[in-house]
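What follows is a set of notes on a single structure, which appears directly below.
The values are calculated or read from the model by the stated rules, or taken from the named source; none is laboratory data. None of these values were measured; they are calculated from a predicted model. All Cβ positions, even for glycine, are placed from backbone atoms using ideal geometry, and neighbour counts span all protein chains on display.
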Amino acid sequence: MNNIVFKFSAVAAVITLASCGNAKKEESASVRNTGIDVKNIDSTVKPVDDFYQFVNGRWIKNNPIPETESRWGSFSELEVQNKNKLRTILEEAAVDKNAAAGSNVKKIGDFYSVAMDSVKLNKDGVAPLKDEFALIENIKNTDDLIKAVAHFHMSGVGPMFGGYVGQDPKISSEYVTQLYQGGISLPDRDYYTNTDERTLGIQKAYTEHVAKMFELLGDKADVAAKEAKTVFEIEKGMAKASMTKVELRDPEKQYNKKSAKELAELTPNLNWDTYFSSLGMKDVNTVVVGQPEFFKAINTQLKSVSINDWKTYLRWSLIDATASKLSDDLVNEHFNFYGKTLFGIPALKPRWKRSLEAVDASLGDALGQIFVEKHFTETSKKRVGEMVENLIAAYRVRIESRDWMSTETKKAANLKLDKVMKKIGYPDKWKDYSSLEINRDSYVQNFLRANQYSFNEMKNKLGKSVDRTEWGMTPPTINAYYNPSMNEIVFPAGIMQPIFFNPDADDAVNYGIMGAVIGHELTHGFDDEGCQYDADGNLKNWWTDADKANFKKKTDMVVKQFNDYVAIDDMHVNGELTLGENIADLGGLTISYYAFKKSLEGKPAPEKIDGFTAEQRFFMSWAQGWRTNMRPEFLKNLVQTNPHSPGNFRGNGPLTNMQEFYDAFGVKEGDKMYRPKAERAEIW
């Protein structure tokens, strides 16, 4: 799904989209101690020909994707461990008779308990949404429609368009209201506009799915079929006016600041006073419009689409956003399309995993605080913090050695490093959920109220100083991110575990993946998007024209390299879409290598382990981190819509540009991992 709602600003760049799945055996103690499982090595493949396959080949062969997953990899294995820990927390909370009313333990216990109560959910059906459907049914005119859209935006349902209150991209010390394209349910605009066989098949399946959902709401089959076509045509109109994924990577194109008067002139058919007052937002005098052409199209649709058709579209938006929180018939039909058809997943996740994920999404700080207390050590936080400082120190050295950068630009780059905010493990300040009502009456109503709580939290930021303590991920999350407006790097507790951070392993292993993750996020501040933001997080040029041109020449090489990779069938990786992540991988791994070498100063040379030198184990740790099996349907969607390259290209791609890798494994001309020096990209 791609319902973009009025919400807190999304973080700018993450490592990957981690997936979870069925339990696997935890790694043996020996693997924890060494950090590299040599049993996974495919000795039939030379490391100089396909390093990723050499390191991971036997793991790939011996780890089929669980039937409930779209892919299976290193992130998935770690998430199994986290989910088991979180499950214990939630199951204990659900039966804790001593939990105080209104406490976080009571809230997560109640949320989880009603989400697990399949008997109640099947008995209730869609009855808990009767007031929401009545609101739609009572729409009589465009003003009523706009009020309804505002209501749903507050509740986490995303019809028509999206938006949020977040930092002004060019005045990072202030919050501003921002409006964004949205309103579609397929993963991307191209699913509506492309005409290849695969896309047409998905369009047909989607329309049939929408019709089935309307039937489950009680509509007759012939009526439901017509309603599905109506929904598709409305969404197609929005999709055609939307920016592409590549266009969305240009922050300047999306910075269109307008006064209230200018916004009204852009969309005269949409009464913004009605919209904002319905949200409870007063004195919205300035907005940043991400995609003006999209809003022009919405303006046209408000006249060309009948009120009855809009009501049909809103009914769909509501049930699409809430189906997974309702009875099994709706849950299963929702999964049949979004799981089976789009991603090729054979089976639905067990209810406890789905319920757990919902608690984490709605009450992440309440659950995360307990997770941290039980399962996160300050020792890990301290060691990762030391690695961060080493990476920053190594970055300074690399910046000074760049012969393509002027002294002026280097000075600005170092200032940006000086001001990077480091967030490790968990927030210093936890969210206060005291105003959020959670009970055991209705799963879907808990979900909607939690979304309303988040909306009000966000809405109340307007006019206040920017809160730089906020986190965009929950502590158990196995991921990391860089936010350019905050100029911050964030590493949740969840990722600071093997195989990403292994307190028992040697530095070569930890720098090879956790160090590279840290370097990856730092490099997002200097990739083709992040480099457009200054040390204070403002969208502002700090490059000389000559330096910018030199940088572009180097990044163009990365675009070409990844455009040449064939992911599946005839689908190539999109080098422009994935450029930022590919720059971050290359820069992060390079910086981490030199931070690792610096960490050895004054120490004896590391001995070989399992027959591999420290330098070799550094690169093996990197490749091990990206081991992944993917279903074909998921891989095709990833290539089409995701800014991250598939794992095998992330594992190999940066290495083909690094002389340090060539030296470690003796790569020479004629080897498949070899790239002529003139074709190697060396940026950071």
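Out of 669, 679, which single residue is under 15 Å from residue 559 (Cα atoms) and either more than 24 Å from the chain's Cα centre (by Cα) or hydroxyl-bearing (Ser, Thr, Tyr) (or both)?
On the way: 669 fails: under 15 Å from residue 559 (Cα atoms).
The conditions single out 679.
The sole residue among 130, 97 that is in a helix (DSSP H, G or I) and over 20 Å from residue 652 (Cβ atoms) is 130. Considering (1) surrounded by 12 or more Cβ atoms within 10 Å (Cβ to Cβ); (2) hydrophobic (A, V, I, L, M, F, W, C); (3) without any contact (Cβ under 8 Å) to a residue 24 or more places away in the chain, the lone condition that residue 115 does not fulfil carries the number (3).
Beta carbons closer than 9 Å, at least 6 apart along the sequence or on distinct chains, pair a first residue in segment 190-213 that is in contact (Cβ under 8 Å) with a residue 12 or more places away in the chain with a second that is among the aliphatic types (A, V, I, L, M) and exposed (fewer than 15 other Cβ atoms within 10 Å of the Cβ) for 211/221.
Rundown of residues vs (1) surrounded by fewer than 19 Cβ atoms within 10 Å (Cβ to Cβ); (2) assigned by TED's automatic domain parsing to the domain that holds residue 533; (3) within 23 Å of residue 189 (Cβ to Cβ), yes/no style:
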site	(1), (2), (3)
229	yes, no, yes
235	no, no, yes
244	yes, no, yes
250	yes, no, yes
262	yes, no, no
265	yes, no, no
294	no, no, yes
305	yes, no, yes
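Taken across segment 186-193, residues that are under 24 Å from residue 294 (Cα atoms), among the polar types (S, T, N, Q) and either surrounded by 15 or more Cβ atoms within 10 Å (Cβ to Cβ) or in contact with a Phe, Trp or Tyr (Cβ under 8 Å, 6 or more places away or on another chain) (or both) do not occur at all.
Considering the conditions (1) assigned to a loop (DSSP other than H, G, I, E, B); (2) buried (at least 20 other Cβ atoms within 10 Å of the Cβ), residue 664 is excluded by exactly one of them, (1). Consider segment 529-567 and keep the residues that are touching a Gly at 6+ places or on another chain (Cβ under 7 Å) and of a type in the set (S, T, N, Q). The one that is surrounded by the fewest Cβ atoms within 10 Å (Cβ to Cβ) is 563.
Restricted to segment 64-85, and to residues there that are in a helix (DSSP H, G or I) and within 16 Å of the chain's Cα centre (by Cα), the residue that is farthest from residue 623 (Cα to Cα) is 79.
Within segment 259-274, the residues that satisfy the criterion of being within 17 Å of residue 297 (Cβ to Cβ) and not polar (S, T, N, Q) are 263, 264, 265, 266, 268, 270, 272.
Can you find a residue that is of a type in the set (A, V, I, L, M, F, W, C), farther than 24 Å from residue 252 by Cβ and over 24 Å from the mean Cα position of the chain (by Cα) anywhere in segment 482-505? Checking segment 482-505: at least one residue is of a type in the set (A, V, I, L, M, F, W, C), farther than 24 Å from residue 252 by Cβ and over 24 Å from the mean Cα position of the chain (by Cα). With a requirement of 2 or more residues that are within 23 Å of the chain's Cα centre (by Cα) and at pLDDT 95 or above, the helices (runs of 4 or more DSSP H) lying completely within segment 507-621 that satisfy it span 516-524, 545-563, 579-599. Residue under question is residue 656, and the condition is that it be under 29 Å from residue 342 (Cβ atoms), among the β-branched types (Val, Ile, Thr), modelled with pLDDT of 95 or more and not assigned by TED's automatic domain parsing to the domain that holds residue 203; does it hold? The answer is no for residue 656.
Only one of 419, 381, 374, 410 is without any contact (Cβ under 8 Å) to a residue 24 or more places away in the chain and over 21 Å from residue 101 (Cβ atoms); which?
410
Find the strands (runs of 3 or more DSSP E) located wholly in segment 390-506 whose residues include 2 or more that are surrounded by fewer than 23 Cβ atoms within 10 Å (Cβ to Cβ), and list them. Lay out the reasoning, then the answer.
Working: elements: 421-425, 481-483, 488-492.
In segment 390-506, the matching strands (runs of 3 or more DSSP E) lie at 421-425.
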